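Here's the structure we're looking at; comments come further down.
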Amino acid sequence: MIIASISHYFIGLNFFEYFIIILGAFASDFDVLFVKYARDHNHRMLITHSIIPSVIVIILGVIFNWHALILCGICLFIHVFIDTFDWGTNLLYFPKKLVGLKFLITKDEFENLDKYLAQYKQNESFFDFKYYNCKTCLAIEGILFLLMILFSVINALEYIIIVPLYFIGLFFHLSLHFKLKKIEVK
Ligand SMILES: [Zn+2]
């Protein structure tokens, strides 16, 4: 929304263009629907979490000379790039390897993952709790939310109706978090 709003200020986007830029930022995560085909059942090993879709979309944007599509491709890239920081992602696809700084997981946890996952009733709890216990992650979430609102109010107030999408995503993540919390304390 920050990128779409700033772009709208400079080049003037219609609502569909504004929307596809935002869609680019989270489209990759719909690959959770295909998680059963992924190595280690990790959706970040799928091609959708590599650099490939963003390169294709950017090339198409250049061919059709359509700025919104180029920006959509940039948002696709930013998503997978940011994913390299917390758990890593299969950025280059063909090496079939999670790359990145993987701030949320220690070397020991990464190498002996099964041992750590076994401490929980649900495997997802390990990842979920690590994220929600990370104060830096939550602070970044809060700051980005405020910037998102600020930039859309200043630059694209007419498209602010898209904000409920954010809350749908937030509700989905928080309800999963509280469900896992309930399962683990039982
Ligand atoms: Zn992702």
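Data overview
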item: Set of the range 8-29 residues, backbone N closer than 17 Å to the point 7 Å along the Cα-Cβ line of Leu60; result: 16-29
item: Too-long pairs where the Cα-Cα distance tops 24 Å, listed order kept, from Lys97/Lys181; Lys121/Lys179; Lys107/Lys135; Lys97/Lys130; Lys97/Lys182; result: Lys97/Lys181; Lys97/Lys182
item: Chymotrypsin sites (Phe, Trp or Tyr not before Pro) restricted to the range 39-91 and DSSP loop, no more than 16 other C-beta within 10 Å; result: Phe64, Trp66
item: Highest-fluctuation residue, Ile11, Ile162, Ile78 considered, GNM on the chain with Cα pairs under 10 Å; result: Ile11
item: The chain: angle of helix 52-63 to the longest principal axis, Cα-based, in degrees nearest 10; result: 10
item: Principal-axis tilt of helix 163-185 within the chain, Cα atoms, nearest 10 degrees; result: 0
item: Choice from Gly24, Gly100, Gly73 with maximal GNM fluctuation in the chain (Cα, 10 Å cutoff); result: Gly100
item: Farthest positive-ward along the range 98-186 dipole, Cα basis, beta-carbon charges - from Val185, Asn112, Val99; result: Val185
item: Helix axis angle, 123-132 relative to the chain longest principal axis, alpha carbon, degrees; result: 60
item: Length-normalised contact order for the range 2-185 - Cα pairs under 8 Å, 6+ apart - percent; result: 20
item: Under 5 Å, built H, 5+ apart or other chain: amide partners of Val99; result: Thr89, Asn90, Leu91
item: Within straight-line cross-link reach of Lys36, aspartates and glutamates at Cα separation under 15 Å, skipping those fewer than 8 residues along the same chain; result: Glu124
item: Over the range 43-161: Rg over Rh, Cα atoms, Kirkwood Rh; result: 1.06
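Laboratory data are not the source of any read-out in this text; all were calculated from the coordinates shown. Here the structure is a predicted model, which means the values were calculated and not measured. Don't worry about glycine lacking a Cβ; one is built from the backbone with ideal geometry, like all the others, and counts go over all protein chains shown.
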